[in-house]
Each structure stands twice: as C-alpha cells, then as structure tokens.
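Notes follow once the structure below has been shown.
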Amino acid sequence: MGPDGNDLFDATNAAITYNSIENEYLVVWQGDDNNQSVNSAFEIYGQRLSSGGEEVGENDFRITEVGTDNNNGFFAERPSIAHDQLNNRYLVVWEAVDREGNNNEDEAWGQFIDPKGFPLFIDDFRISEMGVAGKIGFEVNNVHVVLNIVEGNFLAVWAGEEEGLNDEFEIYGQLNRISGSNNSFAYLLRKYSSK
C-alpha cells in the first residue's frame, strides 16, 4: 500500500483462502492506499497468488466501495474470506461504517468475487442489521464467514451491540442461502447468543 517506506499507508488484518479448482490462493486485507479515491480511508483489497506464492493477475485489486471516496469517516476493516467450490467464487465479508441511505451505520457487509478477482455484485451487500435502522452507535466487530457447499449456504458471525443490551456485545449470526445462477442470496436465519 502506498510508496515503500511511507508509514502513512498501511495493510493490516489479512485473511486467506485456497481455491482448489484454480490451485491458487486469494489474500484479502484492509488497506490505505495513495490513489486519489482511497487516500486516508481504509478499503478492502485482494491479491491472487499461485500455488507457489507468486502474484497473479491485477496487483492489489480493490474489493470495497465504502462511503464516499477520500473520506476517512467511512471505512472497511477486518475482512474474512471463504471459497465457494460449487460456483468457483469467493465470498469476502468485512465490517464497515458505510453511507447506505445516509445512515452511517457500522454493519457487516459482503461481496462475491470471481476467480479472476472481479466483483460479482454491482455493489457490496449488507449482512447485518444491528440496533435501530438509521441510528448510529451500534457496532459490529470481527466478522467471519464459512461456506457450506453441501447445503449451499454461508454463515457469517460477528460480535455486535443491539438495542436494549446496554452497550453489551454478544455474538450474532446470519445464515444465507446462495443461489448459484444469479449471485443472489436469501436470508434464512438470524440468532444471537444468550446467557
């Protein structure tokens, strides 16, 4: 990220998965780059690697489009990734403060990526609905995802704050069915931890 030796541009919180169909890895991370659209704001990036660890395809391709460009009030961080072997695509999830509907909420988001590193949706899709719609102050932390190729769904889990919990974090999840033909998904289940 950015010029070598310049500590204003960072890459942190990397995650990796293996694609057995392509015999490649895909690494994702949160980064601050020095191009005009991302400078001073964190977005999620990816890099394909061969089975031998060499870079493949586009260098450090951008996955997320969070908020408005060049505005560090909107950011994406802490990605997690899984490979869908049935459809040969990746699912990347992350936490972000985004400007969907101008509400500036901190939520869990996702994007399907094809084997060459191109997004399959026009925009990121929202996974979580923490707190009250349109109300900021309910956080999402540490989103993780796994794919179930037998059932054709993915489960995303995260730590989050919800209305009525008095700033208490609990574990939440969202189970989503993948429809292979049109890259859409349907909500199946939401539940959170109880004491």
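Once backbone amide H atoms are built at 1.01 Å from N, Asn153 has Asn148, Ile178 as its partners under 5 Å, excluding neighbours fewer than 5 places away on the same chain. Spin-label pair Thr12-Asp114: with each label point 7 Å from Cα along the Cα-Cβ axis, the two points sit 3.4 nm from one another.
When Asp123, Asp10 are arranged by Cβ crowding within 10 Å, least crowded first, meaning fewest neighbours, the order is Asp123, Asp10.
Laboratory data are not the source of any read-out in this text; all were calculated from the coordinates shown. What you are looking at is a predicted structure, and each value in this text was computed from that prediction instead of being measured. Every residue, glycine as well, gets a Cβ built from its backbone with ideal geometry; the counts of neighbours run over all protein chains shown.
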